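Visitor: My questions all concern the structure below.
The values are calculated or read from the model by the stated rules, or taken from the named source; none is laboratory data. None of these values were measured; they are calculated from a predicted model. Cβ coordinates were reconstructed from backbone atoms using ideal geometry, including for glycine residues, and neighbour counts include every protein chain displayed. Just the protein is used for accessible areas: all its heavy atoms, side chains included, with ligands, DNA and RNA removed. Shrake-Rupley method; radii C 1.70, N 1.55, O 1.52, S 1.80 Å.
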Amino acid sequence: MKFLVSQLSALLKPQGVTANTTFLLKFTAVLVGLVILYSVLFHGIMSYEGREFSWLTGVYWTLTVMSTLGFGDITFSSDMGKLFSIVVLLSGVILLLVMMPFTFTQYVYAPWLEAQKQNRAPRSVPASLEDHVIVVGTSPAALSLCEEIAGYGVYAVTLCNEMPRALELVDAGFHVVVGDYDKSETYARLNTDRAALVVALEGEMRNTNIAFTIREYEKRLEKTHAVPVLARAEHGDALDILQLAGCSAVFQFHKLLGEGLSRRVINRTSRSSIIDRFGDLVVAEAPVMRTDLEGKTPVNCGLRQHTGVNIVGLWERGRFKLPQPHEPFTPNTVLVLAGTEEQMRAFNEFVQERLQEPAKEEGQVLILGGGRVGKAAADMLRQRGVACCIVEREGSIRNTDLAYIQGDAADREVLDRAGLATAPAVIITTHDDDINIYLTIYCRRLRPDMQIVSRANLDRNVGILHAAGADLVLSLSSMVASNVINMLSPGRVFMLSEGLSIFRTVAGPGLEGQTLQASGIRHRTNCSVVAVHGLDGAMLINPRPGYVFAREDDVYLIGDRAAEQRYYELFGRED
């Protein structure tokens, strides 16, 4: 009975009952009217033929003929009666055999199925839910964010305003709530006042409406503590507006992505390129090519003894791995180094003094794509003093003071004019992964020795871009996830490249009292400890093997997502 009541209530919802009921009532009235009319005419014609039947018999005969079941023992003998029978028969075929099934399907069965589907998409979260993250939007970056933060044990809810899209996400396993972005009731049903964070990843104008609606909802509740709202902005002009609307933080993710791509370009004038800083800890990359490090191993290269830096990882054509003590460096190896800024300067001096041959003069870095990401990358390179040139097919690049060439990046002549033959690196920044893969293969075939840094728009294409020849790949989705996680837990995750990050955790009981060497972190988890931050406030960079962990130590490790999960499985997750 409960099931039947729920199905009927879903079918007879106010938004759909008016039109459906009106049409069904009209159709039923026409059908009943015809049955009554035919029954009256049946009596009249039978009286004309000199026979008498009851009114029930008239209804029985009408329904029998209209449903094409046959005449049985009641038939007309006159031509008038037979003509009337033909009319009743044809009208029955049209109304009962043609119109009735379609009417039932369209106005009863189809609405019922739609109501069934809509019931699968929740319109609220559990009343007890708190400390969750609300992600507004269903873009690839938004969905990737939900999956990423779920890996840290955070409950993520996706707000969607379109029922078909919401049902697709429900089938895909996402926690989805259907509702309008600009209604306070929606955020009440999402327990927004008890959420840890709201992330708005729609357009600037919609994000402004979302933030303002949330703040108005909080005013009604007279909340003293406002939920943090993070929003995405596409243009710098929108930063102030979004903050005035109530956003706690506003990020230009495309700009951050462009700057991140540019930092991955290896600086040939300095043997190491700093890619990020975390207090006193500096992480840099350095190519082995054209140095006497070629052929040497982490054990006999002497970097730790002479400079103090620690080799925490290696890049081999886009594949990251931990250094093995006796595995020699190849010309394609790029070292991932951790240390202080002073140690990085010592590394540059140490390696530059040991160059085997003078580096040949190289041209400018090529940036394929002059959109927001490409322009941001060019600005960052210019700030670093690195010459670059943008290759863009559209004419919009003319409204900039950056060096550019207008043309198709897939045209060999255009690339030659841009300086492909002498370019040390190329950054591919288009918003189409198919184009990025195509250009990566093209550039790798033309210049096997150059560095290729590419943007990925979908996470599933990261591996394909590496296979196509990209040395490093960054995606917008990972950039968004990294910023959101750090807003939830400041300093928690620092993304170095796609799939590789430095993450912070507390030593806890799993490491308490153990030495770094005895813990076996490196060979058991494939992570490498780069720094330890103790209770005394000092950061110990590249701790020695004999360092003894305290329970409250903040431990900074480098590794990919799988390595991070293995660490948590073995040593626990402490926050």
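Visitor: Do we find that residue 155 is among the aromatic types (Phe, Trp, Tyr), modelled with pLDDT of 90 or more and open to solvent by 60 Å² or more (accessible area, probe 1.4 Å) in this structure?
Guide: So residue 155 fits the description; yes.
Visitor: Also, quick follow-up: Any idea how many residues of region 320-354 are in a strand (DSSP E or B) and more than 25 Å from residue 280 (Cβ to Cβ)?
Guide: 2
Visitor: Further question on the same structure: Give the residue that is modelled with the lowest pLDDT, with candidates limited to residues of region 1-53 that are under 44 Å from the mean Cα position of the chain (by Cα) and among the basic types (Lys, Arg).
Guide: 2
Visitor: Restricting to region 442-490, give me the number of residues that are crowded, with 16+ Cβ neighbours inside 10 Å and either of a type in the set (A, V, I, L, M) or at pLDDT 90 or above (or both).
Guide: Here the count works out to 26.
Visitor: Let me ask something additional. Within region 309-323, which residues are within 23 Å of residue 453 (Cα to Cα) and in contact (Cβ under 8 Å) with a residue 40 or more places away in the chain?
Guide: 312, 313, 315, 317, 318, 319, 320, 322
Yes/no per residue for (1) at pLDDT below 90; (2) crowded, with 17+ Cβ neighbours inside 10 Å; (3) acidic (Asp, Glu):
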position	(1), (2), (3)
511	no, yes, no
523	yes, no, no
541	yes, yes, no
561	yes, no, no
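Visitor: Any idea which of (1) more than 21 Å from residue 471 (Cα to Cα); (2) touching a residue at least 60 places away in the same chain (Cβ under 8 Å) is the one residue 326 doesn't satisfy?
Guide: Going through (1) more than 21 Å from residue 471 (Cα to Cα); (2) touching a residue at least 60 places away in the same chain (Cβ under 8 Å) one by one, residue 326 breaks only (2).
Visitor: In region 216-266, how many residues are assigned to a loop (DSSP other than H, G, I, E, B), of a type in the set (Val, Ile, Thr) and open to solvent by 10 Å² or more (accessible area, probe 1.4 Å)?
Guide: Residues in region 216-266 being assigned to a loop (DSSP other than H, G, I, E, B), of a type in the set (Val, Ile, Thr) and open to solvent by 10 Å² or more (accessible area, probe 1.4 Å): 2 in total.
Visitor: Which condition does residue 305 not pass, out of (1) loosely packed, with under 15 Cβ neighbours inside 10 Å; (2) part of a loop (DSSP other than H, G, I, E, B), if it passes all the others?
Guide: Only one criterion is unmet by residue 305, namely (2).
Visitor: Considering only residues that are touching a strand residue (DSSP E or B) at 6+ places or on another chain (Cβ under 8 Å), in contact (Cβ under 8 Å) with a residue 60 or more places away in the chain and assigned to a helix (DSSP H, G or I), which ones fall in region 374-418?
Guide: Result: 374, 375, 377, 378, 381.
Visitor: Another question, then. Would you pick out the residues in region 187-215 that are out of contact with any strand residue (DSSP E or B) (no Cβ under 7 Å at 6 or more places or on another chain), open to solvent by less than 60 Å² (accessible area, probe 1.4 Å) and not small (Gly, Ala, Ser)?
Guide: Listed by number, the residues that qualify are 187, 191, 193, 204, 208, 213, 215.
Visitor: Of all residues being in a helix (DSSP H, G or I) and under 18 Å from residue 101 (Cβ atoms) in region 36-75, which is least open to solvent (accessible area, probe 1.4 Å)? Just the residue, please.
Guide: So, considering only residues that are in a helix (DSSP H, G or I) and under 18 Å from residue 101 (Cβ atoms), the one least open to solvent (accessible area, probe 1.4 Å) is 66.
Visitor: Could you list, in sequence order, the residues of region 525-537 that are open to solvent by 30 Å² or more (accessible area, probe 1.4 Å) and in contact with an Asp or Glu (Cβ under 9 Å, 6 or more places away or on another chain)?
Guide: 526, 533, 535
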